[in-house]
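For reference, the structure discussed in these notes is given below.
Read-outs throughout are calculated quantities, based only on the coordinates presented, and are distinct from any laboratory measurement. Computed from a predicted model, the values in this text were never measured in an experiment. Cβ atoms come from the backbone with ideal geometry, glycine included; neighbour counts cover every protein chain shown.
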Amino acid sequence: MEWADVLDAAMMVCFGISWPIAIAKLLRSRKVHGMSLWFLVIVNIGYLAGIAGKLVRAHELRAWPAWPTAIYAANAALVGVAIVLYLRFREPGRRAGAALEAEGPGVEVSEESGEGRGGRV
């Protein structure tokens with residue numbers, strides 16, 4: 001076992017601890033407020049690039065990929081779950097984090113649907 005692999009795995013475990021916590025919070029609240037789909041996608045691209053790098057290196061050395069590759073894959077899978085949950089729980093037709101705004105004078109906005117009711121406030 002090489003120290004570089006141990007340190008690589010330690011970094012990935014530290015990063016990876018946050019994903020189950022974020023997923024649990026998302027499942028409890030069913031709200032994506034404070035999350036960014038683009039951030040999740042970019043992070044997952046980074047994990048996939050790391051996996052590809054490990055696989056290329058293993059191919060060049062004609063060896064099995066280093067064992068931390070499995071931690072990269074687990075983190076990428078968790079971020080994938082977070083992306084799916086983000087898409088499931090986002091409010092359709094609204095940008096994430098957008099505040100409710102009245103659509104005009106005398107129009108009340110429903111918090112459930114974001115649609116105007118047309119009545120006087």
In Hz, Karplus ³J(HN,Hα) per residue of region 3-16 (6.51, -1.76, 1.60; θ = phi - 60°; x = Gly, Pro):
4, 4, 5, 4, 5, 4, 5, 4, 4, 5, 5, 4, 5, x
18 Å cut-off, amide nitrogen to a point 7 angstrom out along Leu27 Cα→Cβ, residues in region 59-75
74-75
How high is the relative contact order of region 3-89, in percent, with contacts defined as C-alpha pairs under 8 Å that are six or more residues apart?
47
Any trypsin sites (Lys or Arg not before Pro) in region 65-94 that lie in a DSSP loop and have at most 12 other Cβ atoms within 10 Å would be Arg94
Karplus ³J(HN,Hα) for region 56-66 (6.51 cos²θ - 1.76 cosθ + 1.60, θ = phi - 60°; Hz, whole; x = Gly/Pro) runs 4, 4, 5, 5, 4, 8, 6, 9, 6, x, 4
Here, trypsin sites (Lys or Arg not before Pro) of region 1-84 satisfying both criteria (DSSP loop; at most 10 other Cβ within 10 Å) are Arg30, Arg62
